[in-house]
Number of protein chains: 2
Amino acid sequence: MFKLIKKEGSARRGEFKTVHGTIQTPVFMNVGTAAAIKGAISAPDLKKIGCQVELSNTYHLHLRPGDDVVYDMGGLHKFMNWDRPILTDSGGFQVFSLAKLRNIKEEGVYFSSHIDGRKIFMGPEESMRIQSNLASTIAMAFDECIENPCEKDYARDSSQRTARWLERCVAEMKRLNGLERTINKNQLLFGINQGGTYDDLRIDNMKRIADLNADGYAIGGLAVGESTEEMYRIIEVVEPYMPKDKPRYLMGVGTPVNILEAVDRGVDFFDCVMPSRNARHGTIFTSEGVLNILNAKYERDSRPLDEHCSCPTCQSFLRASIRHLFKAKEMLAMRLSVIHNLYFYNNLLAEIRASLDNGTFGEFKRANVEKLNRRL
Amino acid sequence: MFKLIKKEGSARRGEFKTVHGTIQTPVFMNVGTAAAIKGAISAPDLKKIGCQVELSNTYHLHLRPGDDVVYDMGGLHKFMNWDRPILTDSGGFQVFSLAKLRNIKEEGVYFSSHIDGRKIFMGPEESMRIQSNLASTIAMAFDECIENPCEKDYARDSSQRTARWLERCVAEMKRLNGLERTINKNQLLFGINQGGTYDDLRIDNMKRIADLNADGYAIGGLAVGESTEEMYRIIEVVEPYMPKDKPRYLMGVGTPVNILEAVDRGVDFFDCVMPSRNARHGTIFTSEGVLNILNAKYERDSRPLDEHCSCPTCQSFLRASIRHLFKAKEMLAMRLSVIHNLYFYNNLLAEIRASLDNGTFGEFKRANVEKLNRRL
């Protein structure tokens, strides 16, 4: 399903075929946690800003509206009105970052809902059943995401348990895909590499899960406390053990420069709330660097957010207008800014793909790292 | 500029030519108080939902971002990215409903900003200068909007002062339209009829302001405390004294049925925050009546908000999804609902115009009043 089109160093230009269409990689997935992109963005809006894959959250949708509701409505594609690929994360990360009163056992995790305190159990099988109900294109394995730094003994136990959980996820997904009631009988499953910041644990875990023949592999547990240098090192350490013929996904990362560096180290899939979250607070990514639109110097600035941008916001709105809308607490400020920042990320990935096609990725990266880090 | 195309009883089908395009009447204007339609709707979005005229508020834009900022950016059309007609209200209503520490004098009103307490003076000339800076298509006269009920003596004094203020507005607008610096040198001015619920005061006032040769006339001071029957009576009382060759605008009204009844009594222009405000709270107008999308019975309802609606929301989203988005406090819920409700109003007016064209308005009204009042 994954076709490697071109390589430049470790950087890969690929294509990933799914029942909901072919994904051109490297790709940035746009996060729609609860079946909506925060900032009043709908799935159909995503088509206008170059999004290939939408990402929703198993944990959130299980709690509200309930995956049974989404199933009854015909799955997440119909529920959101989006016909392209959807990746659902497994709920693992949210169980560990949002839920309360967690109790981790071999069978799974007992926890309380962060919404109403309701007691819930989620293990590998439950996560697969929920994701099967949601009928996403790609399901993620149920894992434990530990924070960095973490004691080595705990990191070892946890990553080994996560590997055992993947075995159960693979078996359950196979069973679910065979059921008559299942909406997407071709649902794919990605495994997740864990092991904290310990190179040997990461490698052991990656070797073990590579044997389980998932449809793709993610590196999880990064951007959760460690330094950027450690993150890059872990990618470099794990990458040689990741199957060459399957997509690699770096979960929850990151800044534009993080993405350039990770592509350079062989990563194909990305997701991050940063572009939408920053936009909602007025922090705007541009081709010249990062700006804060609330700054007084933009009060009478008649330029678009980014003079080199073709997004719907930059085609129509002045910096002065967007600054005013933030000051007036108009929701529209957030929508226009999120549209721009997501377009910026999707477009950055399109430029990365074009440079890989032309064999000029190294040059593209060198020309942009300093600019993208700039604060305007 | 106003061309009467057809009449059916007192109901009028007309066309109003402006420098920003021709308005087909009767028309509903979509309210964008602070240069944005609440619910994350942009001016370009309004084109997709059949809006002919956008309405912004002088008071709000004077306080924030400042009409000087809007002027520097080239006027409200550029500031909002909207090339069709804009009507700006005069600030009168907001000074009386929002501002604090009001002191009304013959020269105008001294008050404190509701945002930061700053002391401000606004009289007829100030209102015209601000609206000239905003460069709207149609400016409204600066008036005092009294609440109903109101002592007759006060209502008389107030409506006479409002008439004197209109004289000053007419003179100042003429002066401003002649200035080199003015962005829209063809800015139009509508006068406003006041007089509370007193028929004789309303008629005296209307006769007096009709002589001042404004470009259109509004009935103000309704839907501010009086009964619906009183409102209809006032329209009937005033209408014979309104110039036949100029548009009539009923300010801040109202429900779909209010609009049908007012069209029947000879009104051409409407505006109201009801469709957008109700939408933001989940109250949805449909061709079968009004529904509250938060109701549990819509949890698994795979129909659109209105099965007979062609709006962007109804083309793409299920009741179950929109209900979920409200429950999950996703802004998108508001945007989708506001789009629907505004489309519903714009479309209702399009249907009213079509029925007037066909000489079937009476029939259309009879067929719809009961349905539109229904609670689902």
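Only the coordinates and a few stated rules stand behind these numbers; no lab work does. A quick note: this is a predicted structure, and the numbers were derived from the prediction, not measured. Glycine gets a Cβ as well: all are built from the backbone with ideal geometry, and neighbour counts include every protein chain shown.
The table below lists the values:
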read-out: Distance histogram in 5 Å bins (all Cα pairs of segment A:46-171, percent per bin); value: 2, 11, 20, 21, 19, 14, 8, 4, 2, 0
read-out: Per DSSP, loop GluC sites (Glu not before Pro) in segment A:30-115 with at most 11 further Cβ within 10 Å; value: A:GLU106
read-out: Selected from A:LEU87, A:LEU294, A:LEU76 as most flexible by GNM, with chain A as the system and alpha-carbon contacts under 10 Å; value: A:LEU294
read-out: Label distances, nm, A:THR22 versus same residue in remaining copies, Cβ-directed 7 Å point; value: 5.0
read-out: Linear extension gain, B:ASP153 paired with B:THR360, 0.36 nm per residue minus alpha-carbon span; value: 70.2 nm
read-out: Cα point-scatterer Debye curve for segment B:164-263, base-10 log of I(q)/I(0) at q = 0.10, 0.21, 0.24 Å⁻¹; value: -0.31, -1.04, -1.25
read-out: Average other protein chain Cβ within 10 Å of Cβ, residues A:75-82; value: 3
read-out: Förster radius 25 Å - calculated FRET efficiency between B:LEU376 and B:SER10 (Cβ-Cβ, nearest 0.05); value: 0.20
read-out: Phi to ³J(HN,Hα) by Karplus 6.51 cos²θ - 1.76 cosθ + 1.60 over segment B:31-43, Hz, x for Gly, Pro; value: 7, x, 2, 9, 6, 7, 8, 4, x, 6, 9, 9, 4
read-out: Shape of segment A:282-373, Cα gyration tensor, a/c cut at 1.5; value: prolate
read-out: Residue mean of other protein chain beta carbons inside 10 Å, B:321-329; value: 5
read-out: Calculated label separations, A:ALA171, copies of the chain, 7 Å along the beta-carbon direction, nm; value: 9.2
read-out: Choice from A:ALA139, A:ALA296, A:ALA333 with maximal GNM fluctuation in chain A (Cα, 10 Å cutoff); value: A:ALA296
read-out: Calculated [θ] (222 nm, deg cm²/dmol) that DSSP helices of n ≥ 4 give over chain A, each run adding -39,500 (n - 2.57); value: -12500 deg cm²/dmol
read-out: Dipole magnitude (debye, nearest 20) for segment B:300-376, charges at Cβ of Lys, Arg, Asp, Glu; value: 420
read-out: Simple label model, 7 Å out from Cα along Cβ direction - A:ARG303 to B:LYS48, nm; value: 2.9
read-out: Over the protein assembly as shown, volume per residue of the alpha carbon convex hull, in Å³; value: 168
read-out: Cut-off under 5 Å, modelled amide H: who pairs with B:ALA218 long-range; value: B:GLY191, B:ILE192, B:ASN193, B:TYR249
read-out: Span-rule helices in chain B, defined as complete DSSP H runs reaching 27 Å or more along the axis (Cα) with Kyte mean at least 0.0; value: B:331-357
read-out: Net lengthening on full extension, B:LYS185/B:ALA210 (0.36 nm per residue, minus Cα-Cα); value: 6.7 nm
read-out: Segment B:226-376, relative contact order in percent, only Cα pairs under 8 angstrom and at least six apart counted; value: 24
read-out: About the Cα centre, charge dipole magnitude for segment B:71-211 (Lys/Arg +1, Asp/Glu -1 at Cβ), debye; value: 360
read-out: Rg followed by Dmax, in Å, when segment B:2-272 is reduced to its Cα trace; value: 17.3, 50
read-out: Closest-to-axis residue of chain B (Cβ criterion, axis taking B to A), whole Å; value: B:ALA40, 2
read-out: Those trypsin sites (Lys or Arg not before Pro) in segment B:70-129 that DSSP places in a loop and that have at most 12 other beta carbons within 10 Å; value: B:LYS105, B:ARG118
read-out: Karplus 3J(HN,Hα) series, Hz, for segment A:296-305 with 6.51 cos²θ - 1.76 cosθ + 1.60 (x for Gly, Pro); value: 4, 5, 9, 4, 10, 8, 8, 7, x, 3
read-out: Inter-chain shielding of A:299-308 (mean C-beta neighbours from other protein chains, 10 Å cut-off); value: 2
read-out: Amide H within-cut-off set for B:VAL253, under 5 Å, with H built and near neighbours excluded; value: B:ASP271
read-out: Listed residues A:TYR298, A:TYR249, A:TYR345, most fluctuating in chain A (Gaussian network, C-alpha, under 10 Å); value: A:TYR298
read-out: Cβ-vector label at 7 Å, A:PHE121, separations to other copies in nm; value: 7.6
read-out: Between segment A:325-376 and segment B:309-340, the alpha-carbon center distance in angstrom; value: 29
read-out: Average Cα contact separation per residue, chain A, under 8 Å, 6 or more apart, as relative contact order %; value: 17
read-out: Nearest-20 debye value, chain A charge dipole, Cβ charges on Lys, Arg, Asp, Glu; value: 900
